[in-house]
1. Shielding of A:241-247 by partners, i.e. mean partner chain Cβ atoms within 10 Å per residue?
2. First measure r as the distance between the Cβ atoms of A:Glu182 and A:Lys470, then evaluate 1/(1 + (r/R0)^6) with R0 = 56 Å and state the FRET efficiency to the nearest 0.05.
3. Among B:Asp45, A:Asp167, A:Asp226, which comes first, second and so on when ranked by fewest other beta-carbon atoms within 10 Å?
4. Calculate the radius of gyration of the Cα atoms of region A:338-397 to one decimal place, then report Dmax, the largest Cα-Cα distance, as a whole number, both in Å.
5. Could you work out how far apart the two model spin labels at A:Met409 and B:Lys71 are, taking each label as a point 7 Å from the Cα in the direction of the beta carbon, and quote it in nm?
6. With a 10 Å radius around each residue's Cβ, average the other Cβ atoms per peptide and rank A:253-264, A:331-342, highest first.
7. Write down, largest first, the equivalent ellipsoid semi-axes of region A:420-469 in whole Å, where each equals the square root of 5 times an eigenvalue of the alpha-carbon gyration tensor.
8. Sorting A:Met114, A:Met3 on the 10 Å Cβ count, fewest up front, what's the list?
Amino acid sequence: MAMKISKNKFNDRLSMNLDNDFMRSAVSSAQHRFQTRRSTAIESLDWEQWRNHGEEIRQHVLEHLDYYLYELSENVAARGGHVFFAKTAEEATNYITNIAKEKQAKKIVKSKSMVTEEINLNTHLEQLGCEVIETDLGEYILQLDDHDPPSHIVTPALHKNKEQIRDIFTEKIGYTASSQPEELAQHARQILRQDYLTADIGITGCNFAVAETGSVCLVTNEGNADLVAALPKTLISVMGLERIVPTFEEMEVLVSMLTRSAVGQKLTSYITVLTGIQEELDVDGPEEFHLVIVDNGRSSILGGEFQSILQCIRCAACVNVCPVYRHVGGHTYGSIYSGPIGAVLSPLLGGYDDYKELPYASTLCGACTDVCPVKIPLHQLLHKHREVIVEREGRAPISESLLMQAFGMGTSSQSIYRFGSKLASTAMKPFTSDDKISSGPGLLKNWTDIRDLPSPKKERFRDWFDTHSKGGRS
Amino acid sequence: MIKNREAFLQTIATQLGRSTPSLTKPERNWKHLPQHEVLKGASADELVEILVEHCANIHTTVKICTQLTLKQTLEEAFATYNNGQIIYSEDARFEQLQIESFIAAQQSFKWDPTQGDMNIEIAERANIGVVISDITLAESATIMLQSSAQRGRTLSFLPENSIAIIPKSSIVPRMTQAAQFLRKQSHVASCVSFITGPSNSADIEMNLVVGVHGPVRMMYIIVEDV
């Protein structure tokens with residue numbers, strides 16, 4: 001799966017998801033739980049100070065990114081690892097498929113990684129004839145369900161209920177037990193355990209790379225990344241170029257903020273720091289290690305007005321508070337990156353052709369900005385996107401252009417405005433019933449599809465005001 | 001081997017307004033360091049209390065014993081998990097805590113680098129894995145393990161039940177102190193694991209399932225070793 005997850009247009013995706021009642025109630029209850037857990041996890045800390053520190057660490061890294069990538073690559077190599085800098089998704093997938101060819105790999109186990117989704121890695125490996133197995137339980141479910149796209153950065157199968165998951169397991173992996181989550185998970189455990197033990201290659205993402213030691217830090221609750229990284233002889237970790245910290249000291253701060261913001265835990269069950277290949281006499285751990293550092297459009301964000309989006313540590317706290325995400329769900333965004341972070345990042349990495357509607361899928365309420373652990377001004381960036389789309393790209397949504405043209409025309413002269421506002425009541429009469437418009441024409445339709453609009457009154461406010469201020473009733 | 005670095009870093013340098021990539025280590029002058037304030041000045045007993053309290057949140061059984069009662073506590077722990085095959089790391093601290101011979105007398109296997117993949121095979125079918133925490137984080141009730149030839153990383157992942165012995169002296173306030181410790185090492189272990197309770201997942205309807213890929217049950221035994 002690439003970053004783009006749907007060929008449908010935004011409005012079609014939107015209608016489809018608004019009709020999905022299970023998904024909408026699942027998302028709403030998940031948001032509530034995520035928010036409560038996060039609040040509990042940060043209540044004993046001076047969280048604003050943590051946010052200040054998180055922000056300064058991420059800004060410092062971005063300002064010195066060339067140095068830190070240099071230092072990281074030197075230290076990975078010093079511990080026997082290979083480093084490949086990939087300018088494009090294609091360079092990254094070519095490099096990784098070549099390793100698979102060279103190793104004659106038949107089975108590859110993977111732990112959850114957004115960047116490997118972004119570069120469409122699995123498809124390339126599957127075309128080569130490799131069996132690629134996602135080991136994160138959520139990702140595993142989606143993969144079994146004919147590669148259903150993720151709808152949340154942290155809990156990718158949020159849009160599915162347990163009965164649907166039972167049916168998928170029954171159809172695809174011979175499952176015969178109930179829809180109890182424990183039984184489903186136990187079945188997946190048994191199957192995946194054998195896969196870890198027999199895989200030729202393990203592939204992980206990278207939550208944070210530590211420049212000073214050449215380490216890769218992985219954050220999970222399931223422990224799947226640990227087995228992916230410990231059992232196969234060859235390990236490949238893939239990271240976005242910005243996913244870096246100077247030393248263990250900054251790593252621990254950001255890990256503490258990530259786990260609290262993402263799932264409301266002080267730490268997740270497994271925080272694993274991997275450095276290089278296995279050492280002399282080590283029984284487990286990889287004999288060969290490759291770190292693939294992916295640009296794929298990120299460097300062009302550096303130094304520009306959207307640079308702060310690269311501070312992101314992928315916690316999805318912004319997704320969990322977003323009122324728009326709550327109603328439309330992850331798939332509406334048409335990108336593996338959903339919610340406010342997705343609405344800012346997807347147009348930058350994937351272009352406005354596919355994602356120009358996303359910056360408008362926001363109320364600009366700013367809840368995302370308030371909750372961001374590294375203080376990315378998300379709603380301001382969404383606003384900035386709109387500015388770029390309208391002013392520089394000249395492609396505001398058609399409805400907005402028409403509306404603005406009409407508004408401009410109508411308000412440019414006093415007489416036209418007066419005439420128009422007097423006419424409104426008469427013009428809307430055919431659509432009015434009981435002082436309400438339930439099925440409006442043209443641009444009004446988008447509004448009245450969802451709710452009624454009060455009909456324009458015969459007497460304009462200005463006329464009413466004049467009458468009353470000249471000694472009328474109070 | 002490092003490939004494509006030069007052009008890649010040049011692009012970044014150009015975007016950042018530099019003519020060539022910077023090769024000078026930048027100063028890290030942080031204005032905020034809130035992590036040092038957490039549990040600052042807490043006594044050893046207070047840290048134990050915080051750790052124990054947090055175990056309830058991470059589905060982990062916790063026992064406290066003295067060095068004298070450790071053997072008995074361990075025996076009871078093995079019984080709780082129905083005994084069976086035990087695997088443990090080669091670690092001088094088992095001897096120092098005077099439990100090496102006791103564990104060796106059980107149906108147990110000590111991780112042995114000369115036996116190669118057999119270690120993994122045994123770990124995979126073992127019922128209980130036993131490790132000793134190197135550093136323990138009170139705030140999050142987390143143990144830290146550094147891998148080595150004698151202390152395989154899968155030892156604490158493959159068995160269904162996991163027991164971690166926590167010397168009281170290994171307890172620090174939080175991950176901040178562990179990070180400082182790791183930075184002082186001349187050689188960092190190929191795998192440093194911070195483990196907080198058994199493996200779990202909330203991927204199915206946000207319902208917590210304990211025991212997914214790693215251990216299903218976990219027990220901490222805190223030993224008053226000072």
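1. 2
2. Values: r = 75 Å, r/R0 = 1.35.
It comes out at approximately 0.15.
3. Working: B:Asp45 11, A:Asp167 15, A:Asp226 29.
Fewest-to-most Cβ neighbours within 10 Å comes out as B:Asp45, A:Asp167, A:Asp226.
4. 11.0, 34
5. 9.6 nm
6. Values: A:253-264: 24.3, A:331-342: 27.5.
Order by mean packing, descending: A:331-342, A:253-264.
7. Details: eigenvalues 112, 22, 17 Å².
Taking √(5λ) for each eigenvalue gives 24, 10, 9 Å, largest first.
8. Numbers: A:Met114 16, A:Met3 24.
Listed from fewest to most nearby Cβ atoms, that is A:Met114, A:Met3.
Rule-based calculations on the coordinates, nothing more; no lab input. Computed from a predicted structure; not experimentally measured. So basically every Cβ, Gly included, is an ideal-geometry build from the backbone, and we count neighbours across all protein chains shown.
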